[in-house]
Amino acid sequence: MRMEDVNARKAYIKRVRQSFDAPGRGYEFEKSPDVKEEGPNEFLFVKLRFLAAALIFAAYIFCDRAGVKIYRYSTGEVAEKIAKGYDYSEAREEVMQVFRALEPGLHLEQ
């Protein structure tokens, strides 16, 4: 390789490197995102929902292992209610019963 070729190659490499270092250069994913933009609040909401689901699941596992009944319902009965085709017109009355039972305080039966 001649010295002119070496110098031309060095100049070319320098130009290529500088093209990557350009401030304000927008990348393709920054120009047009393909997915919905999520801010920090939306991500926090997702994390809180996941945490709530994990805590409910952990409480279910604890009640199953310890044999705890909450308001006359064992974990087996809860699993049966989830598995069967449920008529949601009855759900309102059951929810109201739970709220009425919560008024004096939380009572756990074993």
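Listed by first and then second residue, the pairs with beta-carbon distance under 7 Å, at least 6 apart or on different chains, first residue in the range 70-90 and surrounded by 10 or more Cβ atoms within 10 Å (Cβ to Cβ), second assigned to a helix (DSSP H, G or I) and of a type outside the set (Lys, Arg), are Ile70/Cys63; Tyr71/Val98; Tyr71/Ala101; Thr75/Tyr60; Thr75/Cys63; Thr75/Asp64.
In the range 57-110, the qualifying residues are those that are at positive phi and modelled with pLDDT of 85 or more, and the one that is farthest from the chain's Cα centre (by Cα) is Arg72.
Listed by first and then second residue, the pairs linking a residue in the range 1-29 that is on the phi > 0 side of the Ramachandran plot and open to solvent by 100 Å² or more (accessible area, probe 1.4 Å) to a residue that is at pLDDT below 85 and not in a helix (DSSP H, G or I), with Cβ atoms under 9 Å apart and 6 or more places separating them unless they lie on different chains, form an empty list.
The values are calculated or read from the model by the stated rules, or taken from the named source; none is laboratory data. Since the structure is predicted, the reported quantities are computational estimates derived from the model, not experimental observations. Heads up, the Cβs are rebuilt from the backbone with ideal geometry, glycines too, and the neighbour counts pull from every protein chain shown. Quick note on the areas: whole protein, heavy atoms, side chains included, nothing else; ligands and nucleic acids left out. Shrake-Rupley method; radii C 1.70, N 1.55, O 1.52, S 1.80 Å.
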